[in-house]
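J.: Quick one: the structure is below, questions incoming.
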Amino acid sequence: FDAIIADVPCSGDGTIRKDRHILPMWTPATGNALHGLQARILVRALELVKVGGVVCYSTCSLNPVEDEAVVAAALQKVNKSGKEAKSDDTPVAELVNWPEALLPGFKRRPGVENWRVAFYEQGGSYDESDEDEGDGMNTNGDFGNLQYHRTYEDAMMAGIDCNNVERSLWPDFVENKSSLCLKRCSRLWPQDQDTGGFFVSLIRKNR
């Protein structure tokens with residue numbers, strides 16, 4: 001393929017302006033669980049695109065776990081495999097900047113390079129029985145207390161069950177993260193252009 005658009009399944013938290021059911025049903029577990037699938041889809045897209053071609057990875061989520069963490073994990077996998085197969089310092093795939101001449105006036109924010117991973121406190125969760133049929137909102141206003149963890153080890157020490165959690169959720173999973181240039185990713189904030197929240201990145205296959 002000359003180019004591939006990988007608009008992957010996601011939690012959809014960037015669509016809360018148009019879908020009132022997203023926020024009351026939101027849980028960090030959704031993005032955390034989708035991360036592995038998203039990364040596998042992106043890796044497969046990078047395998048299928050031809051050399052010199054570009055993969056556009058996108059989500060309608062602003063959660064780094066579904067965005068930069070996926071891009072970082074996929075790039076590390078394909079570049080590590082390529083380096084083992086061939087003694088060449090050129091990365092198999094790399095992020096490229098958004099073309100400035102494309103869509104004049106388009107407002108984008110750079111990708112992030114550090115983030116924390118959210119979990120509900122043990123025992124905290126969203127209960128569908130708390131949802132009022134009239135407005136689709138959680139009537140008691142209780143979405144559970146969130147805990148944020150900077151590393152996998154921090155989450156383990158806090159008592160989070162990490163048996164089925166991907167280590168690549170965290171930014172420290174990636175070796176030499178600065179070389180990935182994650183700031184080349186684009187974050188679209190709703191207030192910038194009166195839109196929904198969106199994430200997009202362009203990845204070129206070099207060899």
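A short reminder: the numbers here are calculations on the coordinates, not readings from a lab. Bear in mind that the values here come from a model prediction, so they are computed numbers and not experimental data. A quick note on method: Cβ atoms are made from the backbone with ideal geometry, for glycine too, and the neighbour counts reach across all protein chains shown.
J.: Sum up the lysine pairs in the chain that clear both bars: alpha-carbon distance under 23 Å and a spacing of 8 or more or different chains.
T.: 20
J.: How long is the gain from residue 154 to residue 178 if the chain were fully straight, where each residue apart is worth 0.36 nm and the alpha carbon distance is subtracted?
T.: Details: separation 24, 0.36 × 24 = 8.64 nm, distance 2.22 nm.
Difference between extended and current length: 6.4 nm.
J.: Take the chain, drop everything but the C-alpha atoms, weight them equally and run the Debye formula without solvent; then report log10 I(q)/I(0) at 0.10, 0.11, 0.16 Å⁻¹ to two decimals.
T.: -0.47, -0.56, -1.09
J.: Helix 68-85 versus the longest principal axis of the chain: what is the Cα-based angle in degrees, 0 to 90, to the nearest 10?
T.: Tilt relative to the chain: about 30 degrees.
J.: With the contact rule set at Cα under 8 Å and sequence spacing of 6 or more, what percent relative contact order holds for the chain?
T.: Values: 382 pairs, mean separation 67.8, N = 207.
Relative contact order, the chain: 33 percent.
J.: Separate question: Using alpha-carbon positions, what is the distance between the centroids of segment 170-191 and segment 1-46, in Å?
T.: Answer, in whole Å: 16.
J.: Between residue 5 and residue 162, take the C-beta separation as r, use R0 = 41 Å, and let me know the FRET efficiency to the nearest 0.05.
T.: Numbers: r = 32 Å, r/R0 = 0.79.
For R0 = 41 Å, the calculated efficiency reads 0.80.
J.: Same structure again: Length gain on complete extension for the stretch residue 207 to residue 47, per 0.36 nm per residue less the alpha carbon to alpha carbon distance? Please list the in-between numbers first.
T.: Values: separation 160, 0.36 × 160 = 57.60 nm, distance 1.03 nm.
Answer, rounded to one decimal: 56.6 nm.
J.: Tell me, in nm to one decimal, what length is gained between residue 102 and residue 37 on full extension, where the rule is 0.36 nm per residue of separation less the Cα-Cα distance? Don't jump to the answer; show the numbers that get you there.
T.: Working: separation 65, 0.36 × 65 = 23.40 nm, distance 3.00 nm.
That pair, residue 102 and residue 37, stretches by 20.4 nm at full extension.
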